[in-house]
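What follows is a short report on a single structure.
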Amino acid sequence: MPKVNDVCRYIRSKNAGPFWITLDLFFTDKEAYEEFASAPHLQPKSIAALYDVDASLVKHFPVPNLNVLKISFPRHAPQGGAMERDMHGGQQYVRLLDVEL
Amino acid sequence: MKKNSDTVVKVLVPIGALGMGVDQSDVDAGIAQGAHVIACDAGSTDSGPAYLATGLAKYSRDAVKSDLTILMRVQAAAKIPLLIGSCGTSGSDQALDWTRDIALEIAEEFGLTPRIALLYSEQDPKKIASLAESGEISPLPPLETSEPELFRSCDHIVALMGPEPYIAAIEAGADIVLGGRTTDTAVLAAVPLMRGAGSGPAWHAGKIAECGGLCTIRTREGGVMISVGSDHFDVEPLRHGNRCTENTVSAHMLYENSDPFELHEPGGILKVADAKYESLDDRRVRVTGSKFVVRPYTMKLEGAVGLGFQTIMLVGIQDRKVLANVDMFIDRMHSVLVARVNATMGARVGQFDISLRPYGWNAVCGLPVERENSPARELGLLFVATAKTQELATQIAKTCNPWLFHLPVSDTDAMPSYAFPFSPAEIERGQIFEFKLNHVVAVSDWRDFVRTTMLDLEVTCNA
């Protein structure tokens, strides 16, 4: 089974304001997008489990003209508080890389 | 506002943020193409709550002065407005005054005499709390409540301005507008909207160009020009040789947005789901189909508060016994340190936290490490003590110092000495801050939330 990292040419994460993280998955091409963007492990329920957040707050946007899947979810704590480990959310995509589709 | 179907308004966006390094020749190129306005922002929440809570800027004074010097001299020569939003990172009153003082210094050094409008959008927490009491404030997800106490507790609150205060300042004769906190898009959309360009294209162009060159193939090369018409806008890089493509432009709607199709602005929602991106040639992209749907006017609020204080220590570890048992070692270290602090400091320590973050292992994600991963070669173990005062945080660090330095993997091992890089080992990191607000306030007149001051340097000089 391919992993997320095998079917995307670029994956990134970033804060979307101080209260949200957003993930952008740029699939390798149209075929990869059509085959994998709707995979169960990229649906809100699985993302919620992976990032330990409430599934009802996970936003999920297929962007077909860019072969992109965009997923956004609330941060556990607002950006920059006492226990911050990733100020800009720029490393949060890494735990998605080895998810099997 | 009148609409003119022939109107094309050119906005020169010199850089993604003032202080990152404006290039004189890029700006000159944009002026030669007939720019109607120079606009960019100078801040965001991006770098964390400290900047809003303290009012201090993220970029250095020299870096901001260097960029602002180029832009103010070009403004004076080209006689087109210069708009800077979210001055001094947070756009708080203090941050705006800091930027104003730099501008005044530049004006004096170069003999410039612009009329400068200052737009203040910091809010009194008590006023916002009373608006919350009367139900004028709504939370945005993931926040769910708007208790007045939340607003009263903030050290600083800013309201994000739309384009209206910028337009009013230009109409009142300002050459330069230095704004407090503003939406990134509004600063760039202001003059196109003022001159009658289409609202969908104006707002969408603002979003695409807000990070300067980030919508081009060479993202670190200078800025862009947006040309906004009644039903479309074009975007192109300022620098010769750089290019915008359908992909680089459309992909920018994804950037730092939780929703790729809708962007909430003070007076409505930008909707781009039906936008079409089409290359005009090898460097310009035309965008059509953007819509701006008018909604009741709101302003977003940002607020930050100081919490406790932190003192940190960093210790390097190459000890192979530790590297073979990192999780166990970190757990053991943590319990020893907490017990030692409680035993020596007693009740006086108050509520405190010790966080151990092994860089090279799992400090970034904080999740358990799978066993099959190869062991680290070195660890950078970051110790973070959080307490109510700086003095207490430092006392905790000093209490923990000998254990962080010498604790073996087990009690029967010989005493190791790990590698402190600094003396003293502890570093007072200062106060910690937190963003508290993700709310909007209902606004019937933006002037209730924005105070405009006009400085006329020509009059001052002649007086």
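Does B:MET454 qualify as being free of Cβ contacts under 8 Å to residues at least 24 places away in the same chain and either among the acidic types (Asp, Glu) or surrounded by fewer than 15 Cβ atoms within 10 Å (Cβ to Cβ) (or both)?
Answer is no for this residue.
Given the criterion within 13 Å of chain B (Cβ to nearest Cβ), of a type in the set (S, T, N, Q) and touching a Leu at 6+ places or on another chain (Cβ under 8 Å), identify the matching residue among A:SER72, A:SER56. Walk me through it before giving the result.
Numbers: A:SER56 fails: touching a Leu at 6+ places or on another chain (Cβ under 8 Å).
After applying the criteria, what remains is A:SER72.
Go through the residues of the range B:227-243 one by one and say whether even a single one is in contact with a His (Cβ under 9 Å, 6 or more places away or on another chain) and open to solvent by 10 Å² or more (accessible area, probe 1.4 Å).
No, the conditions are met nowhere in the range B:227-243.
Collect the residues in the range B:307-332 that are within 20 Å of A:MET83 (Cα to Cα) and in contact with a strand residue (DSSP E or B) (Cβ under 6 Å, 6 or more places away or on another chain), keeping them in residue-number order.
Across the range B:307-332, the qualifying residues are B:LEU307, B:GLY308, B:PHE309, B:GLN310, B:THR311, B:ILE312, B:MET313, B:LEU314, B:VAL315, B:ILE330.
Condition check: closer than 26 Å to B:ALA95 by Cβ and surrounded by 24 or more Cβ atoms within 10 Å (Cβ to Cβ). Does B:ALA202 satisfy that?
no
Only one of B:LYS321, B:LYS276, B:LYS271 is closer than 22 Å to A:ILE71 by Cβ, open to solvent by 10 Å² or more (accessible area, probe 1.4 Å) and over 23 Å from the mean Cα position of the chain (by Cα); which?
Exactly one residue qualifies, and that residue is B:LYS271.
If I go through the range B:324-339 residue by residue, how many of them are buried (at least 17 other Cβ atoms within 10 Å of the Cβ) and in contact with a Phe, Trp or Tyr (Cβ under 9 Å, 6 or more places away or on another chain)?
4
Confirm whether B:ARG195 is open to solvent by 10 Å² or more (accessible area, probe 1.4 Å) and in contact with an Asp or Glu (Cβ under 9 Å, 6 or more places away or on another chain).
No, not satisfied.
State whether the residues of the range A:80-88 include one that is in contact with a Cys (Cβ under 9 Å, 6 or more places away or on another chain) and of a type in the set (Lys, Arg).
Looking through the range A:80-88, at least one residue is in contact with a Cys (Cβ under 9 Å, 6 or more places away or on another chain) and of a type in the set (Lys, Arg).
Check whether at least one residue in the range B:3-24 is under 21 Å from the mean Cα position of the chain (by Cα) and polar (S, T, N, Q), and report yes or no.
no
Name every residue in the range A:34-49 that is within 14 Å of another protein chain (Cβ to nearest Cβ) and either open to solvent by less than 60 Å² (accessible area, probe 1.4 Å) or assigned to a loop (DSSP other than H, G, I, E, B) (or both), in order of residue number.
A:ALA37, A:PRO44, A:ILE47, A:ALA48, listed by residue number.
Kindly evaluate B:LEU96 against the criterion of being closer than 30 Å to B:ASP124 by Cβ, part of a loop (DSSP other than H, G, I, E, B), within 18 Å of the chain's Cα centre (by Cα) and not acidic (Asp, Glu).
Values: closer than 30 Å to B:ASP124 by Cβ: yes; part of a loop (DSSP other than H, G, I, E, B): no; within 18 Å of the chain's Cα centre (by Cα): yes; not acidic (Asp, Glu): yes.
No; evaluated as a whole, the condition is false for this residue.
Kindly list the number of the only condition in (1) within 13 Å of another protein chain (Cβ to nearest Cβ); (2) touching a helix residue (DSSP H, G or I) at 6+ places or on another chain (Cβ under 7 Å) that fails for A:PRO62.
(2)
Can you tell me which condition B:VAL224 does not meet? The list is (1) closer than 30 Å to B:PRO125 by Cβ; (2) touching a Pro at 6+ places or on another chain (Cβ under 8 Å), and all the others hold.
Going through (1) closer than 30 Å to B:PRO125 by Cβ; (2) touching a Pro at 6+ places or on another chain (Cβ under 8 Å) one by one, B:VAL224 breaks only (1).
Go through (1) at the interface with chain B (Cβ under 8 Å from one of its Cβ atoms); (2) in contact with a helix residue (DSSP H, G or I) (Cβ under 7 Å, 6 or more places away or on another chain) one by one and return the number of the condition A:ALA82 breaks.
Checking A:ALA82 against (1) at the interface with chain B (Cβ under 8 Å from one of its Cβ atoms); (2) in contact with a helix residue (DSSP H, G or I) (Cβ under 7 Å, 6 or more places away or on another chain), the one that fails is (2).
Being surrounded by 13 or more Cβ atoms within 10 Å (Cβ to Cβ) and of a type in the set (Ser, Thr, Tyr) is the filter; apply it to the range B:126-145 and report the residue that is farthest from the other protein chains (Cβ to nearest Cβ).
My answer is B:SER130.
Determine if the range A:78-101 includes at least one residue that is of a type in the set (Ser, Thr, Tyr), buried (at least 20 other Cβ atoms within 10 Å of the Cβ) and in a strand (DSSP E or B).
No, there is no match, as no residue in the range A:78-101 is of a type in the set (Ser, Thr, Tyr), buried (at least 20 other Cβ atoms within 10 Å of the Cβ) and in a strand (DSSP E or B).
Output the residue which, of all residues in the range B:340-365 that are of a type in the set (D, E, K, R) and under 39 Å from the mean Cα position of the chain (by Cα), is most open to solvent (accessible area, probe 1.4 Å).
Result: B:ARG348.
Checking the condition under 30 Å from B:ILE432 (Cα atoms), open to solvent by less than 70 Å² (accessible area, probe 1.4 Å), outside any helix (DSSP H, G or I) and touching a residue at least 60 places away in the same chain (Cβ under 8 Å), which residue from A:ILE71, A:ILE11, A:ILE21 passes?
A:ILE21 is the lone residue from the list that is under 30 Å from B:ILE432 (Cα atoms), open to solvent by less than 70 Å² (accessible area, probe 1.4 Å), outside any helix (DSSP H, G or I) and touching a residue at least 60 places away in the same chain (Cβ under 8 Å).
Which count do you get for residues in the range B:167-192 that are surrounded by 24 or more Cβ atoms within 10 Å (Cβ to Cβ) and either more than 20 Å from the chain's Cα centre (by Cα) or hydrophobic (A, V, I, L, M, F, W, C) (or both)?
Residues meeting the conditions: 12.
B:MET415 versus (1) closer than 23 Å to B:THR344 by Cβ; (2) under 33 Å from the mean Cα position of the chain (by Cα): which is the lone unmet condition?
Against the list (1) closer than 23 Å to B:THR344 by Cβ; (2) under 33 Å from the mean Cα position of the chain (by Cα), B:MET415 comes up short only on (2).
So B:ARG320 clears everything in (1) touching a residue at least 24 places away in the same chain (Cβ under 8 Å); (2) over 30 Å from B:GLY196 (Cα atoms) except one condition, right? Which one?
Going through (1) touching a residue at least 24 places away in the same chain (Cβ under 8 Å); (2) over 30 Å from B:GLY196 (Cα atoms) one by one, B:ARG320 breaks only (1).
Can you go through B:THR219, B:THR185 and tell me which one is more than 16 Å from B:ALA35 (Cα to Cα), modelled with pLDDT under 95 and in contact with a helix residue (DSSP H, G or I) (Cβ under 7 Å, 6 or more places away or on another chain)?
Working: B:THR185 fails: modelled with pLDDT under 95.
Going through B:THR219, B:THR185 in turn, the sole match is B:THR219.
For B:ASP93, work out the one condition from (1) touching a helix residue (DSSP H, G or I) at 6+ places or on another chain (Cβ under 9 Å); (2) closer than 23 Å to B:ARG451 by Cβ; (3) open to solvent by 30 Å² or more (accessible area, probe 1.4 Å); (4) not aromatic (Phe, Trp, Tyr) it doesn't fulfil.
Every listed condition holds for B:ASP93 apart from (1).
Among the numbered criteria (1) in contact (Cβ under 8 Å) with a residue 60 or more places away in the chain; (2) farther than 30 Å from B:GLY55 by Cα; (3) more than 14 Å from every other protein chain (Cβ to nearest Cβ); (4) in contact with a Leu (Cβ under 9 Å, 6 or more places away or on another chain), which one does B:PRO375 miss?
(1)
The values are calculated or read from the model by the stated rules, or taken from the named source; none is laboratory data. Because the structure is a prediction, the values reported are computed rather than measured. No Cβ is skipped: glycine too gets one built from the backbone with ideal geometry, and neighbour counts run over all protein chains shown. Only protein heavy atoms, including side chains, enter the accessible area calculation; ligands, DNA and RNA are left aside. Shrake-Rupley method; radii C 1.70, N 1.55, O 1.52, S 1.80 Å.
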